[in-house]
1. Chymotrypsin sites (Phe, Trp or Tyr not before Pro) within region 82-151: which are DSSP loop residues with at most 11 other Cβ atoms inside 10 Å?
2. When the accessible area of region 33-102 is split by element with a 1.4 Å probe, what percent falls to carbon and sulfur?
3. With equal scatterers on the alpha carbons only and no solvent term, can you work out the Debye log10 of I(q)/I(0) for region 100-151 at 0.19, 0.25, 0.26 1/Å?
4. Just list whichever of K89/K118; K35/K98; K51/K72; K51/K118; K70/K121 have alpha carbons separated by over 24 Å in the model shown.
5. Note the per residue figure in Å³ for the convex hull of the C-alpha positions in region 35-151.
6. Tell me which GluC sites (Glu not before Pro) from region 113-142 have a DSSP coil assignment and no more than 16 other beta carbons within 10 Å of their own.
7. Loop only per DSSP, at most 11 neighbouring Cβ atoms within 10 Å: give me the trypsin sites (Lys or Arg not before Pro) in region 84-147, ordered by residue number.
8. Could you check the simple spin-label distance between D82 and D65, using points 7 Å along Cα→Cβ, in nm with one decimal?
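The values are calculated or read from the model by the stated rules, or taken from the named source; none is laboratory data. On a predicted model such as this, the values are computed, not experimentally measured, just so you know. Virtual Cβ from ideal backbone geometry, glycine too; neighbours counted across all protein chains shown. When the accessible area is computed, the model is the full protein with side chains, heavy atoms only, and any ligands, DNA or RNA have been set aside. Shrake-Rupley method; radii C 1.70, N 1.55, O 1.52, S 1.80 Å.
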Amino acid sequence: MKKHIILLAAIALFAFVKPARAQVDTTAFNGAVAKLDRYNALYIINFTDEKRIRATFRNIDVAMDDTRLKGKLHIELMCCGDGVVVYMKNGIFEPLLKELRSKGVILAQCTNTLDERKIDKSSLFPYISFVPSGPGEVILREYDGWAIMHQ
């Protein structure tokens, strides 16, 4: 009987012991590898903080300049809520928006925000595209496999 208890205890002990693992050489790590022909990312601005807005623009540029993603990246910049200030003609972001647009970034505005705030589309730059709602755009893009980027 004692032998059976000792044997069961030994089996139980070995079941919970993890084998030693060799250390991984992290100096050889170079990040993820781009395996697809195309990648899609939706960047969202729903705030007025100029520093965060400029950081979003900078992060878009960084992603587009990543050698792994060159020629494979499709980006949409969608503004909703307070982010509507980005696309306003009386705002300060036009030079940056034109630069993003020249790189192929889709500039989209949530129409729901315009309706709620009674903002006429003519108040925005003429090269802005429109989506019915910001949340709807996020849901659809996410289900289509897009990376959703928040700042």
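1. Taking region 82-151 and a limit of 11 other Cβ atoms within 10 Å, the loop chymotrypsin sites (Phe, Trp or Tyr not before Pro) found are Y127.
2. 50 percent
3. Log10 I(q)/I(0), no solvent term: -0.76, -1.08, -1.11.
4. Among K89/K118; K35/K98; K51/K72; K51/K118; K70/K121, the Cα-Cα distance tops 24 Å for K35/K98; K51/K72; K51/K118; K70/K121.
5. Given the Cα convex hull of region 35-151, per-residue volume reads 93 Å³.
6. none
7. Answer by residue number: K89, K118.
8. 2.8 nm
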